[in-house]
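Working notes for the structure below.
Values quoted throughout were computed directly from the atomic coordinates according to the rules given, and no laboratory measurement underlies them. All values derive from a computational prediction rather than experimental measurement. Reconstructed Cβ throughout: ideal geometry from the backbone, glycine too, with neighbour counts over all protein chains shown.
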């Protein structure tokens, strides 16, 4: 008997998203899984050869850069359509250009959805049958808070995607000189704390080294910035597939993210905990859901506390061991991959009880009335939901009607709106290079920040 299958609409295979997709396919193939899974990858331009090699065993489940007819055919076949969501122009472009066939739809948010540019919008929730969040921090979103939004709350579910710990094998700490603090992940200020370098440099520990494995982001500018600090204190490793080799030479995992970062499940924290490392992180919503302070890691409130926590762990090896062992025990007992996959499948079984219905994503704002291309801007404004007021005002006022106050607000937007990925102005501009408003907004933010370029890729 043929298994029902989940069709994933996803944007890419790289970094954290790719790891989630890979573990989904592995567990669906290697267990007594009730569902089969296939992925349509929308952003074919940024699929790397390294990613394709990782997925070579599952290539029959991947469909990259397929045309509209193929996508519609697969949607017709699917028992469940899962939109694996990070704010990405191609996701919104697909939603407004497709009339979905009768279907069951899950919006799976791989970010917490609390802060822009990665906002879970009213349109996304209402379009889906279930909003599947990868962190319980998402419950703090106003869409799921108000009594008025009881129908939205009824749609909210939580799932921790299983991590393939088998790829690490046996992790054995290796002898090394000095005191090593590691960071793995997105390496730009959309996620990292803006003072990551200065607060790290302030840690007064002999022979300390910060080993940084960057998955994506604004690497070169940050490397240049690092030159202002002690020579040799920062070691930039680039992308490392065999992350086990890094975890084995670390003493502490330092993961200071900004208060408005978009992350959800933060699987790299869990991987570090599995390796028996004490994690020092800021007490942000997503991190609070993963780490129990002073038991399975250390949560801090400010830069000074971050530096003090790392120094305290240096001075107290037994405390490092205690927290690291607690962390590993927690992951093994509570985050068993097979158990998590079975919990995920129970949600799919629930969704199979829903009727298939036709649906359109019809919340998009009207065109601006300018004669030039503005689809990208309309998608960008839509993606910001209730937190895009200055861009909505600018869009509705037109280029000439955007007053000085609106322009000032756009110039001063937070750092996450200025990066090259993750739903930023510049990412939307990449996919819609002729968009009148996106060019206008990119010009405004570049006036405020010399590091901004309109052609970041």
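Descriptive notes on the structure:
- Chain lengthening between residue 259 and residue 414 when straightened (0.36 nm per residue, less Cα-Cα): 54.7 nm
- For the range 375-448: rounded, prolate or oblate by the Cα gyration tensor [a/c cutoff 1.5]: rounded
- Three-way shape label, the chain, alpha-carbon gyration tensor, a/c 1.5: oblate
- Estimated inter-spin distance, residue 32 and residue 343, nm [label 7 Å along Cα→Cβ]: 2.1
- When both bridge partners sit in the range 166-334, DSSP labels roughly 5% of those beta bridges antiparallel.
- Extending 7 Å from Cα along the Cβ direction at residue 293 and again at residue 77 yields two label points whose distance is 5.1 nm.
- Under the shape rule built on the C-alpha gyration tensor, where the axes satisfy a ≥ b ≥ c, the range 166-334 is rounded, since a/c falls short of 1.5.
- Extension gain (nm, one decimal) between residue 240 and residue 150, 0.36 nm per residue minus Cα-Cα: 28.0 nm
- Calculated mean residue ellipticity at 222 nm for the chain: -11000 deg cm²/dmol, from DSSP H runs with n ≥ 4 weighted as -39500 (n - 2.57), summed, divided by the residue count and rounded to 500.
- Stretchable slack from residue 98 to residue 204, in nm (0.36 nm times residue separation minus alpha-carbon distance): 32.6 nm
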